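Engineer: Got a structure for you, written out below as C-alpha cells; questions coming shortly.
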C-alpha cells in the first residue's frame, strides 16, 4: 500500500473541539444549541445513526432530543410537528431520520423545515445557496467529503476533480462546492460511457454510488486523492457482514496518494459537520432574533 | 465549413408559435390568459430596449403584459411592496425584475421576494435549489433555450460528454444541472481550469458561456461536436462594431458537427423561453397539465 490513509476520526475530533468551543460561547449567551431528531415507525434501521448523533452531540455540547412517532402518523400531522419546532425558539435544528414509511415523502418534510433550522442542509434554499456559492448550512455528507479533501496539501484552485454519482444530496452538492473552490469538476453517473476516462484524468475522485468495488486502482491517476463516500454492507469470508465503501480498497490504495477508509473516513466527519451546522444554525437564529427584536446584547 | 448551423431565430419562432397556440387554447377552453409582469427601475438604455422587446413578444403570443416602470430613485420598501402586490395578483403568472437594478437596491433581496412559482427568470434561491435537487422549478431562460436546441439536434443526450465553459449563476451552473438531468457526463470548466483545450476536446457537447470574445477556437473542438455559443460580445474590428460570441466561429465551424451562430443562435431563444416559462407557470397555477416540450 502506498497511499496515505486519511483518518476521518481524527479530523472529526478536531472539528468537534472547535464546535464545542463555539457551542459553549453560545450557551453563555443563553443560546445552547439544541437539536430535535424525528424518526417514524420502526426505529431499528435508524437507531445506529441516532445513537451516533446523540453521542456526538453530547461531545460537542449540543443538546439532543430523539423523538419517535408511530408508523401511522400522517404527512399533515408530521408537517404540523415540524411547524411547531420551527416556531419554538428553544429548538435550533431539526433532523429527519430516514428511512421514512412509504406514505411520508421525505422531500415534503425537508421543505417544511425552516431554512434557518435546516441543519441537514436538505431544504431547496440550502441547496440553492450552495449552487450560488454561499455556504450557510450545507448537506452534511457532501460538506464532510469536501472538508476532508481540504485537509490534504492540494491546491483546490484548478484541481481536476471527478465526482462519481450525481445524487442530489451528495454528488451534486460536492460538484458545486468544489466548483466554488475553483476546481474543474466532472460529474459521472450510471449513464457515463467510460468512467475510467474521467476518473483517470482527476487529481481527486469522490465516489458516492453505493456499489462496492466500483472504483479500482487502474481507474485512478497515480497519487490522486480518493474520497470514498459509499457505505455498503457485504458478507465477509467468515459469513459475517462487514462495511465497505464504493472503492476496491486494496487496489486503490496501491495507486492513490491518499485514501479514506470505510468505516472511519467520511462517516465520522459527517456527524461532526452536523454538529457544526447545529452551532451555525443557532448563531444564525440568534442574529436573526436580535435583528428582529433589536434586543440589547 | 462542415458544421450544420443551428438557426436560433427559426427555432425561437417555432417555440413562440407553440406558446401562442397553447395560449389560444387556454383562452378559448378555460378563459385563462397567462400574464407576465415586467418591472424596470431606472433609465438604463439597454434595459429599456429589453423591456420593450419583452412587452412586444408577450403581446404577440396573446399573453397579458404588465409593465411597471419606476424611477431610479425608487426605494427598497416601495419596490418590495410592488413585488408583494404582483405576487398576490391572480392575473400575473410570471414576474420579471429587469437586472441590473440601481446600485442602492439589493437585487438578491428583491429577486428572493418574488413568489418562486412566479419567478420566470428562475433566479429565486428556492428555484435554484429545486433545480439542484431535481424537483419541479422555474428554469433560467437562456440555459433552457440551449437545452431545447440540444434536444432537438440530438434527440437523446444520455451518455454524451458535455463541457460547460463558465460557471455563472445565470448560465453555466443551471446549464450543468440541466445537462446532468438529461444524463450527460458533465464537466464545468472556467477561468481556473488548467488545460482548457484538453478539457474542451473531450466534449460531444460544448457550451461556451464565459463572456470572452472568440476564446474557444477550432483546435479546442472535437470533430463532430455540437457547439452552443452563449456569449454576446461587442468588439471593434476594422473600425466597425461587431457582435461575436465566445467561440471563434470560422475555425470552430470547420470542425464542429453543429454550431450556433452569434447573433441568431442562442440569443433569440431567451425571450422565447421567458414566454414558455410564463405559460408553464400559468398552467401550474391553474392545476393544468404543463405544455410538452417547453420545459426542462
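The values are calculated or read from the model by the stated rules, or taken from the named source; none is laboratory data. Every value quoted in this text rests on a predicted model; they were computed, and no experiment measured them. So basically every Cβ, Gly included, is an ideal-geometry build from the backbone, and we count neighbours across all protein chains shown.
Engineer: Residues that are farther than 21 Å from residue B:157 by Cβ, part of a loop (DSSP other than H, G, I, E, B) and over 23 Å from the mean Cα position of the chain (by Cα): does the range A:203-215 have at least one?
Structural biologist: Checking the range A:203-215: not a single residue is farther than 21 Å from residue B:157 by Cβ, part of a loop (DSSP other than H, G, I, E, B) and over 23 Å from the mean Cα position of the chain (by Cα).
Engineer: Can you give me the number of residues within the range B:254-293 that are in a loop (DSSP other than H, G, I, E, B) and within 30 Å of residue B:235 (Cα to Cα)?
Structural biologist: The total comes to 11.
Engineer: Right, next: Could you tell me whether any residue of the range A:264-279 is modelled with pLDDT under 95 and surrounded by fewer than 20 Cβ atoms within 10 Å (Cβ to Cβ)?
Structural biologist: no
Residues checked against (1) modelled with pLDDT of 95 or more; (2) in a helix (DSSP H, G or I):
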residue: A:2; (1), (2): no, no
residue: A:13; (1), (2): yes, yes
residue: A:18; (1), (2): yes, yes
residue: A:22; (1), (2): yes, yes
residue: A:25; (1), (2): yes, yes
residue: A:31; (1), (2): yes, no
residue: A:35; (1), (2): yes, no
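Engineer: With respect to residue B:188, is the statement that it is facing chain A (nearest Cβ under 7 Å) and either farther than 30 Å from residue B:65 by Cα or modelled with pLDDT of 95 or more (or both) true?
Structural biologist: Criteria met by residue B:188.
Engineer: Where residues in the range B:134-159 are buried (at least 24 other Cβ atoms within 10 Å of the Cβ) and within 14 Å of chain A (Cβ to nearest Cβ), which of them is nearest to residue B:99 (Cα to Cα)?
Structural biologist: For the range B:134-159, the residue satisfying everything is B:140.
Engineer: Right, another one. Would you check if there is a residue in the range B:203-226 being farther than 26 Å from residue B:158 by Cβ and in a helix (DSSP H, G or I)?
Structural biologist: Yes, there is a match, as at least one residue in the range B:203-226 is farther than 26 Å from residue B:158 by Cβ and in a helix (DSSP H, G or I).
Engineer: Among (1) crowded, with 24+ Cβ neighbours inside 10 Å; (2) modelled with pLDDT under 95, there is one condition residue B:169 misses while meeting the rest; what is its number?
Structural biologist: Here residue B:169 meets the rest and fails (1).
Engineer: Another question about this same structure. Going through the range A:150-171 one residue at a time, which ones are within 14 Å of the chain's Cα centre (by Cα) and within 15 Å of residue A:183 (Cα to Cα)?
Structural biologist: Matches in the range A:150-171: A:171 only.
Engineer: Kindly check whether there is at least one residue in the range A:191-204 that is crowded, with 24+ Cβ neighbours inside 10 Å, in contact with a helix residue (DSSP H, G or I) (Cβ under 9 Å, 6 or more places away or on another chain), under 19 Å from residue A:229 (Cα atoms) and more than 8 Å from chain B (Cβ to nearest Cβ).
Structural biologist: Scanning the range A:191-204 turns up at least one residue that is crowded, with 24+ Cβ neighbours inside 10 Å, in contact with a helix residue (DSSP H, G or I) (Cβ under 9 Å, 6 or more places away or on another chain), under 19 Å from residue A:229 (Cα atoms) and more than 8 Å from chain B (Cβ to nearest Cβ).
Engineer: Of the residues that sit in the range A:127-149 and are touching a residue at least 12 places away in the same chain (Cβ under 8 Å) and over 13 Å from the mean Cα position of the chain (by Cα), which one is farthest from the other protein chains (Cβ to nearest Cβ)?
Structural biologist: Result: A:149.
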